[in-house]
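These notes are about the structure you will find just below.
The values are calculated or read from the model by the stated rules, or taken from the named source; none is laboratory data. Here the structure is a predicted model, which means the values were calculated and not measured. Please note: Cβ atoms are built from the backbone with ideal geometry, for glycine as well, and neighbour counts cover all protein chains shown. Note: accessible area is taken over every heavy atom of the protein model, side chains too, but ligands, DNA and RNA are not part of it. Shrake-Rupley method; radii C 1.70, N 1.55, O 1.52, S 1.80 Å.
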Protein chains: 2
Amino acid sequence: MKLGYIGIGIMGKSMAGNLLKAGHDLFIFNRTASKCDSLAAQGAVVCNNSAEVAGRVEVVFINVTDTPDVEEVIFGAAGIIESARSGLIVIDNSTISPRATVDFAQKLKEKKVAYLDAPVSGGDVGAQQGTLAIMVGGDKEVFNKCLPLLEVLGSNIVHVGDVGMGQTCKACNQLFCALHMLACCEGIALAKTAGLDPGIMVKVVSSGAGGSWALANLGPKIIKGDFPPGFMIDLLSKDLNFTMELAQKGRLPLLGTALARELLHGAQAADQGRQGTQALYHVIEKLAGGK
Amino acid sequence: MKLGYIGIGIMGKSMAGNLLKAGHDLFIFNRTASKCDSLAAQGAVVCNNSAEVAGRVEVVFINVTDTPDVEEVIFGAAGIIESARSGLIVIDNSTISPRATVDFAQKLKEKKVAYLDAPVSGGDVGAQQGTLAIMVGGDKEVFNKCLPLLEVLGSNIVHVGDVGMGQTCKACNQLFCALHMLACCEGIALAKTAGLDPGIMVKVVSSGAGGSWALANLGPKIIKGDFPPGFMIDLLSKDLNFTMELAQKGRLPLLGTALARELLHGAQAADQGRQGTQALYHVIEKLAGGK
């Protein structure tokens, strides 16, 4: 099948690579062209812009940073919309605003272009191994048609509802990631303060009713002082904008999530934004008088 | 072996029952005597007070609600101390103050009585099935001697450090339980508010980097409106006293845990204290204008 992939970052590169390995003809575009080199060497065709990609394929994936980036790729100069034909399917793997997603899909529908919002969870490792969780919103028939492609990218593909609901589910997912990380930081800081070996604490608590993915996977990194990402604080902070956008729209006070978000802002202010989310630990340490 | 068990509540009854089934001679006491009936029918000897239990056994377990209750059992009228002989081992399965635990152990040491703090995690089901996590503080030699007994009660027995460190580890565990429950309530409320099927959200998020034991096990209960305990809000609220006691002693601000605790107080104020911790959901709903 002729497929497009726009946005060859850490995630996009691995995901596009898996589509290529699965035998599809792949057409790619990235703003920083050099990031396309290794996929080009594996046989991907590098295009000059998003419009060129969309003009040559049946399904085009997008994986860029934020809502304005997706808007630019679709509706900007030399965007997908310029060459989009009836029947084209756009699958957005980015994490962006659920509200904007509904708008984008509506505008594309007028051109008879179908749209699935399909944000992912599982990090760089999941992208490499094709074991991502993918939360998909959009028309069920379009979803079914695209399922074999999504199964190349992930191992847990769920149709969660209408268009926008994929992003809504991701916004919920990020709420959990933020609050669980706050729990990790406070719990490890408490163990250290109280003279309990934090490694033993993480091991015991992880195995029981206090366990979380974050504690089991990122807790040991905090203890080792291993802060590179993984998943960056800047991105989690951005993603929580969508969580709070949904909450505000529904007039739902999210006290815990709001607190976690403010502390992530503190981590960004302390130049930890490009570190992994576990670097939130520095903020908790600072509150306790650390440097 | 001749064993004592003082405190035949939901947890104690199952745990003492497992010791009995393992072939030990069991001597029990409970303030409300009728709670001993079913264990007596299985062969346990019901005693008149804690002193009588301690006088007849080699190892005596305690499983009562709070710090003053443990103090009463050991040092009160007809308490363990009255009949305690050199070499007796006291194992406290209650969740109480780490600081008080160190005091109790010190006083017992003067009478040549050994003390292990051994709070558990895993709930009523874990107690019944003998699959509890048990976090043990105290002398390593005493721990090794008691390990075969603890292995009757749990499947994940860890010596976490000196006396008091079992309770310290439990205090950390409860921090995670509280913050994870807050995440569950906010995440499910957000999904509902945003029109996303909360059951699908829980399933997807549980399987990935946003997953926790609480979400997988208690999330579905929130969605079903199933609020009976499991583990009661009153008890989690009490346990967080010990978490905050440690934090205060170490001058560690725990903003997230403090927030979760205040909201649990809100649940208690709304007469949800004897419901399961998942009933915290009512507080989040109320904040959003629900009844």
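A compact table of results
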read-out: Number of the exception - A:Tyr5 against (1) touching a Leu at 6+ places or on another chain (Cβ under 9 Å); (2) within 22 Å of A:Phe231 (Cβ to Cβ); (3) in contact (Cβ under 8 Å) with a residue 60 or more places away in the chain; value: (3)
read-out: Filtered residues of the range A:182-197 (kept if open to solvent by 10 Å² or more (accessible area, probe 1.4 Å) and touching a residue at least 24 places away in the same chain (Cβ under 8 Å)); value: A:Thr193
read-out: The one condition in (1) among the hydrophobic types (A, V, I, L, M, F, W, C); (2) open to solvent by less than 70 Å² (accessible area, probe 1.4 Å); (3) out of contact with any strand residue (DSSP E or B) (no Cβ under 8 Å at 6 or more places or on another chain); (4) not in a helix (DSSP H, G or I) that B:Phe27 fails to fulfil; value: (3)
read-out: Some residue of the range B:243-256 being in contact with a Cys (Cβ under 8 Å, 6 or more places away or on another chain), not β-branched (Val, Ile, Thr) and not in a helix (DSSP H, G or I); value: no
read-out: Test: residue in the range B:105-126 that is over 30 Å from B:Cys177 (Cα atoms), touching a residue at least 12 places away in the same chain (Cβ under 8 Å), crowded, with 24+ Cβ neighbours inside 10 Å and among the hydrophobic types (A, V, I, L, M, F, W, C); value: no
read-out: Only one of B:Ile157, B:Ile200 that is open to solvent by 30 Å² or more (accessible area, probe 1.4 Å) and closer than 23 Å to B:Thr67 by Cα; value: B:Ile157
read-out: Members of the range A:204-223 found to be open to solvent by 30 Å² or more (accessible area, probe 1.4 Å) and facing chain B (nearest Cβ under 7 Å), listed by number; value: A:Ser207, A:Trp213
read-out: Scan of the range A:224-260 for residues that are more than 8 Å from chain B (Cβ to nearest Cβ), buried (at least 23 other Cβ atoms within 10 Å of the Cβ) and either within 15 Å of A:Tyr281 (Cα to Cα) or of a type in the set (Lys, Arg) (or both), ordered by number; value: A:Ile233, A:Leu236
read-out: Number of positions in the range A:1-17 that are within 22 Å of the chain's Cα centre (by Cα) and open to solvent by 20 Å² or more (accessible area, probe 1.4 Å); value: 5
read-out: Residue in the range A:133-143 that is in the same structural domain as A:Asp25 (by TED's automatic domain parsing), under 21 Å from A:Ile74 (Cα atoms), touching a helix residue (DSSP H, G or I) at 6+ places or on another chain (Cβ under 6 Å) and open to solvent by 10 Å² or more (accessible area, probe 1.4 Å) present; value: no
read-out: Options B:Asp117, B:Asp69: the member that is at pLDDT 95 or above, out of contact with any helix residue (DSSP H, G or I) (no Cβ under 9 Å at 6 or more places or on another chain) and farther than 13 Å from B:Tyr5 by Cβ; value: B:Asp69
